[in-house]
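Written out below as structure tokens is the structure these notes cover.
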Amino acid sequence: HEDEKGVRGRVSPYALLKADGTSYVSYHTGMEPEPTIRGLFVMSHINALEAERGRDGIVELMTRYGKPIRFGMLDNVPVREEVAIIEHVLDILDPSVSPEQRAFMAGKLHFNNFSKTELGGLILPLFRSNIRLFFMNANHIAGYVFNGVRFLSEERGKGDIRVIMENNDYPLDHFAGFFQSVMEYGRLDGEVHAEDLGGKRYAYDILWKTD
């Protein structure tokens, strides 16, 4: 069974956890696939806009995007198309966001919308008291969301994790905003430093205060 808030069937939340917190291995095949995201997560942005602005918001999004905005829940939507949609949604919801902050704030909106999907509602409460596990399991979680995008997590010390994204079509600051919102969700006082490593590889140094 599928609906606009969920995925086919149900996923055991415990299947998403890797108990030892170690990172996952990345395998390179030479020819990278086009990075895609499942349609239900793209629809979460569109549904959020409709909830805030109603039909007028949807009409404005259709005008700005210039393409159909209905996606099947399990469609593989190119990440670049999701980026265009969520940034248009952000512009409609908050026209005051500056061009310099647009990608970062779109990433924060992305997390907020993800948290309202069935998958987000299922797994996020499991990690709220231990956000470290969310970051260390990023690649496993991403497997339910993306095709062709990889996350490599390295714990470099207490309150210090580096996440490298590979085969990435997001602006650099997008996941800086997403990961910042993850920390805020976990009630952590921290910051994210983003670095473009080249070759569609981004590094995010995620730092937070510890007791």
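The table below lists the values:
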| read-out | value |
| --- | --- |
| Hits in segment 143-190 - residues which are in contact with a Gly (Cβ under 6 Å, 6 or more places away or on another chain) and within 19 Å of Ile123 (Cβ to Cβ) | Phe175, Phe178, Met183 |
| Hits in segment 106-118 - residues which are outside any loop (DSSP other than H, G, I, E, B), open to solvent by 60 Å² or more (accessible area, probe 1.4 Å) and within 16 Å of Tyr185 (Cβ to Cβ) | Asn112 |
| Pick from segment 154-187, criterion among the basic types (Lys, Arg) and assigned to a strand (DSSP E or B), ranking: surrounded by the fewest Cβ atoms within 10 Å (Cβ to Cβ) | Arg156 |
| Candidate set: segment 26-47, residues that are touching a helix residue (DSSP H, G or I) at 6+ places or on another chain (Cβ under 9 Å) and open to solvent by 20 Å² or more (accessible area, probe 1.4 Å); chosen: the one modelled with the highest pLDDT | Asn47 |
| Criterion: within 30 Å of Asp211 (Cβ to Cβ), part of a helix (DSSP H, G or I) and out of contact with any Ser or Thr (no Cβ under 7 Å at 6 or more places or on another chain) - qualifying residue of His140, His88 | His140 |
| Of residues in segment 188-198 being touching a residue at least 24 places away in the same chain (Cβ under 8 Å) and open to solvent by 60 Å² or more (accessible area, probe 1.4 Å), the one nearest to Pro171 (Cα to Cα) | Asp196 |
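The values are calculated or read from the model by the stated rules, or taken from the named source; none is laboratory data. Because the structure is a prediction, the values reported are computed rather than measured. All Cβ positions, glycine included, derive from the backbone under ideal geometry; neighbour counts span all protein chains shown. Keep in mind that these areas ignore ligands, DNA and RNA; they rest on the heavy atoms of the full protein, side chains included. Shrake-Rupley method; radii C 1.70, N 1.55, O 1.52, S 1.80 Å.
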